[in-house]
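Encoded as structure tokens, the structure appears first; notes follow it.
The values are calculated or read from the model by the stated rules, or taken from the named source; none is laboratory data. All of these numbers come straight from a predicted model, not from anything done at the bench. Note: ideal-geometry Cβ built from the backbone for every residue, glycine included; neighbour counts use all protein chains shown.
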Amino acid sequence: MKPLPLTILISFLLFSNLAFAEQEAFDPFPQNRGTVYEYSDEELDEIDVCFFPIDKSRWDGSKITAKEWQMLTDFQKTMFICEYVEQLEKEYNTTIEINGWDYLIALNGFAANCEDECLKEPMTRVIRELLIKQGVLK
């Protein structure tokens, strides 16, 4: 099955009740053991910035795709969303208010439904498209 175009899939996730697909291959609460995003409990206290701004972060958030999203812990996903929204606020010189839980569910659903080329979609683009579709960004 060919993946849906990004904007169609995002619209589906935003406006349907099925924001999170049940798929065996998708773990909504990964521990990220053995991935480049793995960290220990001791390291957690030392991580000030996870993904953004890139020059100060532990990991490069601009390189997180739908495939890598599935490797992140919930803490990392939450930090990704918060830090990227802060970046967008600076870029657009505006305040952006979102429901972080809704975005976490939508992004998890997006990553769970991705196949083939869709897995290469940067999650920054997905967040930006969600904000545009909701009229938060132009």
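Only one of (1) closer than 26 Å to Arg33 by Cβ; (2) of a type in the set (A, V, I, L, M); (3) outside any helix (DSSP H, G or I); (4) modelled with pLDDT of 90 or more is not met by Ile98, so which one is it?
Among (1) closer than 26 Å to Arg33 by Cβ; (2) of a type in the set (A, V, I, L, M); (3) outside any helix (DSSP H, G or I); (4) modelled with pLDDT of 90 or more, the lone unmet condition for Ile98 is (1).
On the basis of being farther than 18 Å from Val36 by Cβ and part of a helix (DSSP H, G or I), does Gln87 make the cut?
When the stated conditions are applied, Gln87 passes them.
To keep it simple, each residue is scored yes or no on (1) of a type outside the set (Phe, Trp, Tyr); (2) closer than 18 Å to Val136 by Cβ; (3) in a helix (DSSP H, G or I); (4) at pLDDT below 90.
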residue	(1), (2), (3), (4)
Val49	yes, no, no, no
Thr78	yes, no, yes, no
Thr94	yes, yes, no, no
Ala106	yes, yes, yes, yes
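Output yes when any residue across the range 39-61 is surrounded by 20 or more Cβ atoms within 10 Å (Cβ to Cβ) and touching a residue at least 40 places away in the same chain (Cβ under 8 Å), and no when none is.
Checking the range 39-61: at least one residue is surrounded by 20 or more Cβ atoms within 10 Å (Cβ to Cβ) and touching a residue at least 40 places away in the same chain (Cβ under 8 Å).
Return yes when Phe51 is of a type in the set (Phe, Trp, Tyr) and touching an Asp or Glu at 6+ places or on another chain (Cβ under 9 Å) and no when it is not.
Here the answer is yes, as Phe51 does meet what is asked.
If only one of Tyr92, Tyr37 is in contact with a Leu (Cβ under 7 Å, 6 or more places away or on another chain) and either within 22 Å of Glu129 (Cα to Cα) or among the charged types (D, E, K, R) (or both), which one is it?
Tyr92
Given the conditions (1) surrounded by 15 or more Cβ atoms within 10 Å (Cβ to Cβ); (2) part of a helix (DSSP H, G or I); (3) aliphatic (A, V, I, L, M); (4) without any contact (Cβ under 8 Å) to a residue 60 or more places away in the chain, report the number of the one that Ile132 does not fulfil.
The failed condition is (1).
Let's see how each residue does on (1) over 11 Å from the mean Cα position of the chain (by Cα); (2) at pLDDT below 60; (3) more than 18 Å from Trp101 (Cβ to Cβ):
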position: Leu4; (1), (2), (3): yes, yes, yes
position: Glu24; (1), (2), (3): yes, yes, yes
position: Ile54; (1), (2), (3): yes, no, yes
position: Ala66; (1), (2), (3): no, no, yes
position: Leu72; (1), (2), (3): no, no, no
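Which is buried (at least 18 other Cβ atoms within 10 Å of the Cβ) and among the hydrophobic types (A, V, I, L, M, F, W, C), of Trp69, Trp101? I'd like the intermediate steps shown before the answer.
Details: Trp101 fails: buried (at least 18 other Cβ atoms within 10 Å of the Cβ).
Going through Trp69, Trp101 in turn, the sole match is Trp69.
Taking into account only those residues within the range 26-38 that are surrounded by 10 or more Cβ atoms within 10 Å (Cβ to Cβ) and closer than 17 Å to Phe75 by Cβ, which is modelled with the lowest pLDDT?
Within the range 26-38, the subset surrounded by 10 or more Cβ atoms within 10 Å (Cβ to Cβ) is 26-28, 30-32, 35, 37-38.
Filter again for closer than 17 Å to Phe75 by Cβ, leaving 27-28, 30-32, 35, 37-38.
On the way: Asp27: 57, Pro28: 53, Pro30: 62, Gln31: 67, Asn32: 70, Thr35: 81, Tyr37: 86, Glu38: 85.
Selected residue: Pro28.
From the set of residues in the range 108-118 that are more than 12 Å from the chain's Cα centre (by Cα) and assigned to a helix (DSSP H, G or I), which is modelled with the lowest pLDDT?
The extreme case among them is Asn113.
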